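Presented below is the structure to which this report refers.
Throughout, read-outs are computed from the coordinates displayed, never taken from laboratory work. Because the structure is a prediction, the values reported are computed rather than measured. In this analysis, Cβ positions are derived from the backbone assuming ideal geometry, glycine residues included, and neighbour counts consider all displayed protein chains.
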Amino acid sequence: MARPADPNAKSALVTAARAQFREHGLQRARIEDITAACGLSKGAFYLHFESKEALFLELVTEFERQMDALFERRIAEEDAFFAKGGPFRRNDFVDGSERLAALVAMQTRQDTETLELMWAMRDVIHVLINGTQGTAFDGVIWQAIDREQLRVVDAANRLKKFGVIRTDISSQVIAMVLMGTWMLTMRQMVSRTERPDFKALIGELNVLVGEGMAP
């Protein structure tokens, strides 16, 4: 009678591969080391993945899928927020209105969710930054950053339309500043072993960057 497939084998292989990729980079990681780390055979590996590159592609695709989902939810929440209350007025900023506080709270939660995802996938990000040289994934991190920068430009244009941020600063410059901040945050995060205080970080960035962009 054939031995039933281990239902946990794929997740065990992924966990072991992520550790090997982080330690050795994609090119130098070996399938035999991945399987040895989780007590499985090379046959079990090829039952689930065509290659180590195929496994890593699944990780990158899942990261992109979750980032896309967060972005789409953010847009939907902002649309609902502004559909309910309309554009901001100057006294919302002068008086520190409850509506402004609600928007900041919503954006803080959204930013925290993004940082939480980056923290959960920090080993994959580490490999994209430091461990894909000489592979088909070399440069993928910069493609992802370029895509996110375009999203920030679009988001800035939307927020200008609703009176949330200054219109005398180009959306491209806003995106450059914000993406530079996020890139450095991401770069530092991948080398940490303890989870940062995301709420405190975002709070400080709101003061430094957010208040400077307020009308």
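So here's what we get for this one:
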| quantity | calculated |
| --- | --- |
| Cα-based radius of gyration of region 1-118 once divided by 2.2 N^0.38 Å, which approximates compact folds | 1.68 |
| Assigned charges on the beta-carbon of Lys, Arg, Asp, Glu; region 23-91 dipole about Cα centre (debye) | 360 |
| Computed Kirkwood radius, in angstrom, where 1/r is averaged over Cα pairs of the chain | 19.6 |
| Gain on full stretching of the segment that runs from GLN143 to GLN27 - 0.36 nm per residue minus C-alpha separation | 39.8 nm |
| Amide N proximity, region 142-181 versus ASN206 label position 7 Å along Cα-to-Cβ, cut-off under 16 Å | 164-165 |
| Whole-number percent relative contact order across the chain, with pairs defined as alpha carbons under 8 Å at least 6 apart | 23 |
| Computed [θ] at 222 nm, helices only, for the chain once each DSSP H run of length n ≥ 4 contributes -39500 (n - 2.57) | -24000 deg cm²/dmol |
| Convex hull of region 97-215 built on C-alpha atoms - directionally averaged projected area, nm² | 7.7 |
| Gain upon complete extension [SER11, GLN133; 0.36 nm per residue less C-alpha separation] | 41.3 nm |
| In nm, spacing of pseudo-spin labels at PHE93 and TYR46 (7 Å Cα→C-beta vector) | 6.3 |
| From phi via Karplus (6.51, -1.76, 1.60), per-residue ³J(HN,Hα) for region 86-92 in Hz, x at Gly/Pro | x, x, 7, 10, 4, 5, 4 |
| At least 24 Å along the helix axis (C-alpha) and Kyte average at least 0.0, DSSP helices within the chain | 171-189 |
